[in-house]
Amino acid sequence: MACISEVQANGKIKNALLFSTDIHLRPEQIVEYYQARFQIEFIFRDAKQFTGLSDCQARHLPRLDFHFNASLIALNLAKHQLSSCHSSAKSFVFSMASYKRLEFNKHLLSTFIDKLDLDPDLILNHPNLPSVLSYGTLAA
């Protein structure tokens, strides 16, 4: 067990108790391991909820490998696409739910343009387009 303390901006001291079966690990190393563990858990959560990681009915190992790889690749491609468009000074925060909503909004807008015979240049060059497309996404 290790205790790590941090002074917050308001002057209060924040304490954290860290537990590990390896008694020789430094507290900083335990924190790094926990951060990595939670990042891995987020990846699997997003893959299960949004890219069908747990929806495979195959029984043969090569088919299962293909399904798992396809699911995780879809997640990585979505993250890469959003991170390459990120231009803000804030650090990049990825949300698969927001990505899904953004792509749905793009598709819906495209459908409206087609079905209502609207001028795409007028809509796609409008200064408020980003706020329309990001409607319903999570604020980071």
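Laboratory data are not the source of any read-out in this text; all were calculated from the coordinates shown. This is a predicted model, so every value here is computed, not measured. Positions of Cβ are generated from backbone atoms using ideal geometry, with glycine treated the same way; all protein chains shown enter the neighbour counts.
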Helix-only mean residue ellipticity at 222 nm for the chain, each DSSP H run of n ≥ 4 adding -39500 (n - 2.57), per residue, nearest 500
-18500 deg cm²/dmol
Where chymotrypsin sites (Phe, Trp or Tyr not before Pro) fall in DSSP loop in the range 3-71, at most 14 other Cβ within 10 Å:
Phe19
When only Cα pairs under 8 Å and 6 or more residues apart are kept, what is the percent relative contact order across the chain?
15 percent
Please grab the % of Cα pairs in the chain that end up more than 27 Å from each other.
50 percent
Let me make sure I get this right: for the range 64-140, a, b and c are the square roots of the gyration tensor eigenvalues over alpha carbons, sorted descending. Under 1.5 in a/c it's rounded, otherwise prolate if a/b > b/c, else oblate. Which is it?
oblate
Taking Rh as the Kirkwood radius computed over C-alpha pairs, what is the Stokes-Einstein D of the range 1-81 at 37 °C in a medium of viscosity 0.692 mPa s, expressed in µm² per second?
208 µm²/s
